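Here the structure comes first, spelled out in structure tokens, and everything after it is commentary.
Bear in mind that the values in this text are calculations on the coordinates, not laboratory data. It should be emphasised that the depicted structure is a prediction, and the values quoted were computed from it without experimental measurement. FYI the Cβ positions are ideal-geometry reconstructions off the backbone, even for glycines, and counts take in every protein chain you see.
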Amino acid sequence: MKNGGYKNFMGARCGMVFGVALVMAIAGVSGSAVAAGSRVKGEYANSRQPYWKIGTLDKQLSGACQRGEFRQRRNAAYSVGFIGPEGRGMTGIANKDWNLIDPRGLAKAGFSYHFYNQGYSNCKVFVARMPAR
């Protein structure tokens with residue numbers, strides 16, 4: 001691996017997972033063992049909240065996603081499933097150091113990016129702050 005190798009990759013990935021867990025706790029997203037039985041492969045957690053509560057909608061990043069200029073490297077490598085009566089869907093997860101294609105350098109350190117409908121003209125990107133490590 002280039003740019004710091006395996007150690008940096010794993011550090012970024014562990015930090016991303018911790019950060020996503022905190023964001024999901026704040027948003028009311030469940031990653032509990034009980035909920036785990038209803039998750040699909042790659043689904044990090046699920047929630048009864050609407051998908052748009054995972055973070056703040058970023059119109060600039062959403063536009064870049066719609067043009068294919070800001071997207072996940074592997075769509076839904078990790079995801080959050082939204083299974084409540086309102087706002088059902090799934091968001092894929094990425095951050096500046098993991099699972100992100102960002103040729104224009106739009107991503108910022110310390111944030112996770114949640115992609116709704118990546119690959120479609122209505123792609124939405126929600127941004128959530130990750131906790132300091």
If you go through the range 72-93 one residue at a time, how many are part of a strand (DSSP E or B) and either touching a Pro at 6+ places or on another chain (Cβ under 7 Å) or free of Cβ contacts under 8 Å to residues at least 24 places away in the same chain (or both)? 1
In the range 58-71, what count of residues is obtained for those that are part of a helix (DSSP H, G or I) and farther than 27 Å from Arg48 by Cβ? 4
